[in-house]
Amino acid sequence: MKQKNNNILFVCTGNTCRSPFAQAVFNAQAQARGLACRAESCGLAAMAGQPPFPEGVQAAARLGYQMEEMRSRPCSQYLLEWADEIHVMSLSHLAALQSAGPEIAAKARLLAEQGIPDPFGGGPQAYDRAYAAIEQAVKALLDRLEQEDGQ
């Protein structure tokens, strides 16, 4: 089944907690729903090959998602062009992508209306709050994609 928006890119700063978690949720939920779409993630200031933060891995596991094998990667022109939609975690990420040109700007939007605060350094509760918000926003995104595919 071919979908209109089948390539989704999640972007944050370091690609070690928020965007990889969004990728994990999206891919697991899309598969469970039988949707033919795929997510990737990257960071605007990411160093390649970094593992997710342990606090993030633990928070993801508490929600039933796996992130241990994921590794960070920097944002690239290839990924930006590959994506049908780009979902960012903050207004600063959105501003950075809007300056990348009109084609990229047209695809970029906040994942959640108020953004997703960076949980880094905030302890387990900060990760739990951020990840719950990401999970809710990703499920809403999948609901929209599923509805658009059914039209």
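The values are calculated or read from the model by the stated rules, or taken from the named source; none is laboratory data. These numbers come from a predicted model, not from an experiment. Cβ placement follows ideal geometry from the backbone for every residue including glycine, while neighbour counts extend to all protein chains displayed. Just the protein is used for accessible areas: all its heavy atoms, side chains included, with ligands, DNA and RNA removed. Shrake-Rupley method; radii C 1.70, N 1.55, O 1.52, S 1.80 Å.
This model, with +1 at the C-beta of Lys and Arg and -1 at the C-beta of Asp and Glu, gives region 82-151 a dipole about its Cα centre of some 260 debye. Look at where the Cα atoms of region 1-58 and of region 70-110 average out, and the two centres are 13 Å apart. Expressed as a fraction of 2.2 N^0.38 Å, the value expected for a compact globular protein of N residues, the C-alpha radius of gyration of the chain is 0.96.
Counting only residues 5 or more places away or on other chains, whose amide H sits under 5 Å from the amide H of residue 46 once H atoms are built in the peptide plane? HN-HN under 5 Å from residue 46: 75. The calculated pair-distance distribution of region 63-151 uses every alpha carbon pair, bins of 5 angstrom beginning at 0, and gives 3, 12, 18, 21, 23, 15, 7, 1, 0 percent. Comparing mean-square fluctuations of 61, 137, 46 from a GNM of the chain with C-alpha springs under 10 Å, the top value falls on 61.
Using a probe of 1.4 angstrom and keeping all protein chains present, the accessible surface of region 1-150 works out to 48 square angstrom per residue.
Rg ratio for region 1-59: its Cα radius of gyration over 2.2 N^0.38 Å, N being its residue count, equals 1.20.
Using only alpha-carbon positions in region 99-151, the gyration tensor eigenvalues give semi-axes of 26, 18, 6 Å once each is multiplied by 5 and square-rooted (largest first). Annotation: amide H of residue 120 has no partner in the under-5 Å range at sequence separation 5 or more or interchain, hydrogens built in the peptide plane. Counting protein heavy atoms only, the chain has 52 percent of its accessible area on carbon and sulfur, 1.4 angstrom probe. When +1 charges are put on Lys and Arg Cβ atoms and -1 charges on Asp and Glu Cβ atoms, the dipole computed for region 1-107 relative to its Cα centre reaches about 200 debye. The alpha-carbon positions of region 44-95 define a convex hull whose volume is 119 Å³ per residue.
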